[in-house]
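Engineer: Please read through the structure below; I'll follow up with questions.
What follows draws every value from the coordinates through simple rules; no lab data is involved. Predicted model only: the values in this text are computed from it and were never measured. Please note: Cβ atoms are built from the backbone with ideal geometry, for glycine as well, and neighbour counts cover all protein chains shown.
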Amino acid sequence: MKRVMIHIGGLYATDQPAVIETVLGSCVSACLFDPVHRIGGMNHIFLAESCQGDPFLARYGVHAMELLIARIVRLGGERKHISAKVFGAVSVLRMNEEQFSVPRKNEKFIREFLLVHGIPLISEHLGGQHPLKIHMYANTGRVLVKALATNHLTRVLEREKRASAALAHRWRWFEGAEELLRTEPRV
């Protein structure tokens, strides 16, 4: 059976037997499945809201969900048959988080998106303090979830920190662009 690992901003859908895998911290993943046509897929959402100017829209809530739904439909699935299982929004930093933290925003986003779009939520594992490893069997909709030991936490945090740093770097460049345009060229 084909195995596909997705990372932040990744998504995969198929009508063939495959296992789609990811590891989640504060991110969320939606495992969508059309049981009539046996088509399934998963995404890995970094943040609920997109950052202006970031070309990698699949990292962000609405874009990631619409892209995954579109792929399932392109493979022959029907939106009216799709149901969801969602995972992640883990408080990996073990801080006293408020409702506006990244994990809580991601959790709120995924619940609202599914509700607004009429996609039934049939299973979930949101929150907690341990990173999660997710395996989705795309042609059956079966999902296995495993809470990882704290030694995996370092890798998850590092992956999320790299993604955040890359995003911050792009923003620093963008914010400095206006200043560069106003600065006279050096001689």
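Engineer: Tabulate in residue order the Karplus-calculated ³J(HN,Hα) for region 70-85, using 6.51 cos²θ - 1.76 cosθ + 1.60 with θ = phi - 60°, rounded to whole Hz; enter x for Gly and Pro.
Structural biologist: 4, 5, 5, 5, 4, 7, x, x, 10, 3, 5, 9, 6, 10, 10, 10
Engineer: Which FRET efficiency, nearest 0.05, do Arg79 and Thr140 yield, Cβ-Cβ r, R0 30 Å?
Structural biologist: Efficiency computed from Cβ-Cβ geometry: 0.95.
Engineer: Between their Cα atoms, which of Lys2/Lys133; Lys80/Lys108; Lys85/Lys146 are more than 20 Å away from each other?
Structural biologist: Lys80/Lys108
Engineer: Tell me, Arg3, Arg38 in order of fewest to most beta-carbon neighbours within 10 Å?
Structural biologist: Exposure proxy ranking, most exposed first: Arg3, Arg38.
Engineer: Rank-order 14-23, 69-78 by packing density, defined as the average count of other C-beta atoms within 10 Å over each peptide's residues, highest first.
Structural biologist: So the order, starting with the most tightly packed, is 14-23, 69-78.
Engineer: Quick query: amide H of Leu148 versus all other amide H atoms, modeled in the peptide plane; which residues come in under 5 Å with a sequence gap of 5 or more or a different chain?
Structural biologist: Leu132, Lys133
Engineer: If you don't mind, another one. Could you give the length gained by full extension between Arg3 and Gln16, i.e. 0.36 nm per residue of separation minus their alpha carbon distance, to one decimal place?
Structural biologist: The span from Arg3 to Gln16 would gain 3.6 nm if fully extended.
Engineer: Please list, in chain and number order, the residues 5+ apart from Cys27 or on another chain whose amide H is under 5 Å from its amide H, with Hs placed from the backbone.
Structural biologist: Excluding prolines and chain starts, which carry no amide H, the hits are Ala89, Val90.
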